[in-house]
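Here is the structure we will look at, set down as structure tokens.
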Ligand code: HGY
Ligand code: MN
Ligand code: MN
């Protein structure tokens, strides 16, 4: 047990946290200072091996499950479900060094801070990283945490195929992370995730930290357009069934849709493949992704319905066939009010000006909200940039976030701020 005065006086070692962040950033390092650790790749394995080595050095008991999630537990004076923190260490192809990594390495820094002082918490603590949060190489995103909480059958996740044509289960075998820990995993007492905001709000409004209220709804669709290859010079325009034209019109439609709907509606066409993708051939096939998000479920459904109508109309007009495949679909999530309050109160008590805000990106915390009280702490992102090697958060903000996470975790582990679930 750790008394209140002793708890409140605890601080993490910011320099040590920065050293680990810099060390992990060397795994899958890009020439431009970013990270490329797409899920289940060799670079991802390198990052996993490094972080699990740290977990073991800190004396934690590491459990790896069949989708490659790693949960490292530190015993408490009492048994029972741990107070858990964590995030992900996979990145997108143009990743930065803080997205996901901060939540995992801040957790390890908190463990080391307690180890340094030989302090034992009342409840056990756990730090996890969850596989394929990004969903960029294989969908859905938050794949590992969704399996962990029982929201996606393990065999369905194993059967998923990566964008480069590999089965997830084969990639897990290949990198040695098809573990044996039970799946779904045991529900923690509570789950709190520290993450960079990845957007411009905290910086623009000069807030030091964010108490995250929830996560907006996410809708990912793959659209396949089958037209007709033809000669770019000899084919009259009225004769064409041009898959690339349909893709282009749809990309423009998605942008118009967000303008017309306004509010929180966002839409992105991020990936596109053309066949045969040649200068003098009318494209016979286009495959592209549409990412729609909104904080309101009914509005997200409206956006999806308008996209479907657009595709129907343009298929008829251009004489092509269009099929769609759902890649991911999550309704908006609201975090436990008591965790939101605790994050906000703790940040204030630590002297930060904090505001509440929803998360624009998906996060593992939204999956844990299905099985336990969950919430998040946001740190500002410089210029709101993320999924970009230029992603940056000031070390002082990273340290502030980690110290708030430390205090939130200890309040949860040492008190009944959130009573045990009956
Ligand atoms: O796409 C997302 O929101 C997250 O980065 N997986
Ligand atoms: Mn993330
Ligand atoms: Mn991300």
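Here, each number is a calculation from the coordinates, and none is a lab measurement. Computed from a prediction, not measured in an experiment: that's the story for all the values here. With ideal geometry, Cβ positions are generated from the backbone for all residues, glycine too; neighbour counts draw on all protein chains shown.
If I stretch the segment between residue 305 and residue 275 completely, what's the gain in nm (0.36 nm per residue apart, minus their alpha carbon distance), one decimal? Intermediate results must be reported in sequence, preceding the final value.
On the way: separation 30, 0.36 × 30 = 10.80 nm, distance 2.73 nm.
Gain in length upon complete extension: 8.1 nm.
How high is the FRET efficiency from residue 266 to residue 118, r the C-beta distance, R0 51 Å, rounded to 0.05?
On the way: r = 48 Å, r/R0 = 0.94.
So, using R0 = 51 Å, E works out to roughly 0.60.
Calculate how steeply helix 395-414 sits against the longest principal axis of the alpha-carbon atoms of the chain, using the helix alpha-carbon long axis, and give the answer as 0 to 90 degrees to the nearest 10.
The two axes meet at around 60 degrees.
Taking the 0 to 90 degree range and rounding to the nearest ten, how far is the long axis of helix 337-349 tilted relative to the main principal axis of the chain, both from C-alpha atoms?
Between helix and principal axis, roughly 60 degrees.
Normalised by the number of residues in the chain, what is the relative contact order in percent for Cα pairs under 8 Å and 6+ residues apart?
Values: 982 pairs, mean separation 95.5, N = 422.
Once normalised by length, the contact order is 23 percent.
Hey, what angle do you get for helix 243-261 against the long axis of the chain, alpha-carbon based, 0 to 90 degrees rounded to 10?
50
Hey, rough spin-label estimate for residue 161 and residue 42, points 7 angstrom out along Cα→Cβ, what's it come to in nanometres?
For residue 161 paired with residue 42, the spin-label model returns 2.5 nm.
If neighbour count is taken as other Cβ atoms inside 10 Å, put 121, 268, 334 in order from fewest to most.
Working: 121 22, 268 15, 334 12.
Least to most surrounded, the residues fall as 334, 268, 121.
Would you please give the FRET efficiency between residue 93 and residue 255, computed as 1/(1 + (r/R0)^6) with r the Cβ-Cβ distance and R0 = 22 Å, to the nearest 0.05?
Working: r = 23 Å, r/R0 = 1.04.
Computed FRET efficiency for residue 93 and residue 255: 0.45.
Find the centroid of the Cα atoms in region 202-241 and in region 374-422, then give the distance between the two in whole Å.
So the separation of the two Cα centres works out to 31 Å.
How large is log10 I(q)/I(0) at q = 0.13, 0.17, 0.18, 0.22 Å⁻¹ when the Debye formula is applied to the Cα atoms of region 217-330, each weighted equally and without solvent?
Debye intensities relative to I(0), on a log10 scale: -0.49, -0.77, -0.85, -1.14.
Sort 123, 16, 326, 284 so that the residue with the fewest other Cβ atoms within 10 Å of its own Cβ comes first and the one with the most comes last.
Numbers: 123 24, 16 15, 326 12, 284 19.
Ordered from fewest to most neighbouring Cβ atoms within 10 Å, 123, 16, 326, 284 come out as 326, 16, 284, 123.
Could you work out how much longer the chain between residue 394 and residue 231 gets when fully extended? Use 0.36 nm per residue separation minus the Cα distance between them, nm to one decimal. If you can, show how the numbers build up before the last one.
On the way: separation 163, 0.36 × 163 = 58.68 nm, distance 5.38 nm.
Stretched fully, the residue 394-residue 231 segment lengthens by 53.3 nm.
Using Cβ counts within 10 Å as a stand-in for footprinting exposure, how do 137, 56 rank, fewest first? Walk me through the numbers on the way to the answer.
Numbers: 137 23, 56 12.
Ascending Cβ contact count within 10 Å gives the list 56, 137.
If we restrict to alpha carbons, what Rg and Dmax does the chain come to, in Å?
22.7, 82
What is the list of residues in region 165-189 whose amide nitrogen lies under 12 Å from a point 7 angstrom out from the Cα of residue 338, following Cα to Cβ?
189
Give the separation of the Cα centroids, region 252-266 to region 121-171, in Å.
Centre-to-centre (Cα) distance: 30 Å.
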